[in-house]
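**Student:** Have a look at this one.
No value in this document is a laboratory result; all are computed from the given coordinates. Note that the structure is predicted; figures quoted are calculated from it, not measured. All Cβ positions, glycine included, derive from the backbone under ideal geometry; neighbour counts span all protein chains shown.
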Amino acid sequence: MNQSFTQPDAQLSKSDKYRALLPQLSALTAGEPNLVANLANLAAALKAGMGFYWVGFYLEDGDELVLGPFQGPVACTRISKGKGVCGTAWQQASTIIVPNVDKFPGHIACSAESRSEIVLPVIHNDIVHMVLDVDSHRLNDFDETDNQFLSEVCTLIIDLHFKPIVN
Ligand code: SME
């Protein structure tokens, strides 16, 4: 287990920052079986490494999502299925990129500072266990590059916590 963390150079391109970060995310979580501990460190490393305004997880809890580990300003604790960007990504089991949150019907405004966002479902065996939510204070801040690399973070979580160990 390795808890060291090196912040990628701020001058790097978005993809290069993600490329510098992903091996560190694997190393940070390797060998740790506790889900909350790993989600907490993933949120902290993503915030520090990518400079996100808000990044965190909403976990499936019956008919609702409940706030999990995150980094950033305080956020709403519960989101119903189909509500907001998170609840819609959960219901549709697909990634949603919102260039302007004011134009997304039913967007849940936890912070007036949030202008754009990306939400990815963490799926295994057709079950959405949680969503990864990233918010920016800039408009149009997320694209396919974010989708591609943040999907790898979701895969890391599935591999660590939702796949049975096969000997
Ligand atoms: N904007 C989200 C709610 C969560 S906060 O942004 C942290 C939504 O509409 O799902």
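**Student:** Please pull out the direction-averaged projected area of region 71-130, using the convex hull of its alpha-carbon atoms, in nm² to one decimal place. Can you show the working numbers first?
**Tutor:** Details: hull surface 16.8 nm².
For region 71-130, the mean projected area of the Cα convex hull comes to 4.2 nm².
**Student:** Can you list, bin by bin at 5 Å, the percent of alpha carbon pairs in the chain, starting at 0?
**Tutor:** With 5 Å bins starting at 0, P(r) equals 1, 9, 19, 23, 22, 15, 8, 3, 1, 0.
**Student:** OK, next. When the chain is modelled as a GNM with alpha-carbon springs shorter than 10 Å, which of P33, P99, P69 fluctuates the most?
**Tutor:** Fluctuation is largest for P33.
**Student:** Where the centre of each part is set by its Cα atoms, how far does region 101-167 sit from region 53-77, in angstrom?
**Tutor:** 11 Å
**Student:** Could you check which residue among G68, G31, G51 shows the biggest mean-square fluctuation in a GNM of the chain with a 10 Å Cα cutoff?
**Tutor:** Between G68, G31, G51, it is G31 that shows the largest mean-square fluctuation.
**Student:** Here is a further query. List the residues, sorted by chain then number, that are 5 or more residues from R115 or on another chain and whose placed amide H is less than 5 Å from its amide H.
**Tutor:** Distant-sequence amide H within range of R115: S136, H137, R138.
**Student:** Let me ask you something else. Label-point separation (nm) for H124 and Q92, each offset 7 Å from Cα along Cα-to-Cβ?
**Tutor:** 2.5 nm
**Student:** When only C-alpha pairs under 8 Å and at least 6 residues apart count, what is the relative contact order of region 82-159, in percent?
**Tutor:** Working: 136 pairs, mean separation 23.0, N = 78.
Relative contact order here is 29 percent.
**Student:** Now for a separate question. At q = 0.17 Å⁻¹, what log₁₀ I(q)/I(0) does a Debye calculation on the Cα points of region 119-162 give, no solvent, two decimals?
**Tutor:** So the normalised log intensities are -0.50.
**Student:** A further question on this structure: Test of understanding: ordering K14, K103, K83 by Cβ neighbours within 10 Å, fewest first, what list do you get? Don't skip to the answer; put the middle values down first.
**Tutor:** Working: K14 14, K103 9, K83 17.
Fewest-to-most Cβ neighbours within 10 Å comes out as K103, K14, K83.
**Student:** Can you divide the C-alpha Rg of region 23-98 by 2.2 N^0.38 Å and report the result to two decimal places?
**Tutor:** Details: Rg = 13.2 Å, N = 76, 2.2 N^0.38 = 11.4 Å.
Normalised by 2.2 N^0.38 Å, the Cα Rg of region 23-98 equals 1.16.
**Student:** Note down the nm distance, to one decimal, between modelled labels 7 Å out along Cα→Cβ at R78 and at V66.
**Tutor:** Spacing of the two 7 Å Cα→Cβ label points: 0.9 nm.
**Student:** Just want the ordering: R19, R138, from fewest to most Cβ atoms lying within 10 Å of their own Cβ.
**Tutor:** On the way: R19 13, R138 10.
Fewest-to-most ranking of R19, R138: R138, R19.
**Student:** With n ≥ 4 as the cut-off for DSSP H runs, can you work out [θ] at 222 nm for the chain, using -39500 (n - 2.57) per run divided by the number of residues, rounded to the nearest 500? Before the final figure, lay out each step's value.
**Tutor:** Working: 4 runs with 59 residues, N = 167.
Roughly -11500 deg cm²/dmol at 222 nm, from the helical runs in the chain.
**Student:** Please give the contour-minus-distance gain from K103 to E32: 0.36 nm per residue of separation, less the Cα-Cα distance, rounded to one decimal in nm. Provide the component values of the computation, followed by the final result.
**Tutor:** Values: separation 71, 0.36 × 71 = 25.56 nm, distance 3.99 nm.
Full-extension gain reported as 21.6 nm.
**Student:** Sticking with this structure for a sec: Compute a Gaussian network model of the chain, connecting alpha carbons closer than 10 Å, and tell me which residue from F149, F52, F104 fluctuates the most.
**Tutor:** F104
**Student:** Counting only complete DSSP H runs, which helices of the chain cover 15 Å or more along their long axis at the Cα atoms and score a mean Kyte-Doolittle of -0.5 or above? Provide the component values of the computation, followed by the final result.
**Tutor:** Working: long enough: 14-29 (22 Å, -0.36); 35-50 (22 Å, 1.30); 144-161 (25 Å, 0.19).
Flagged H segments are 14-29, 35-50, 144-161.
**Student:** Continuing with this model, one more query. Positive end of the charge dipole of the chain (Lys, Arg +1 and Asp, Glu -1 on Cβ, about the Cα centre): tell me which of S136, V119, W90 has its Cα farthest that way.
**Tutor:** Result: S136, furthest along the dipole toward the positive end.
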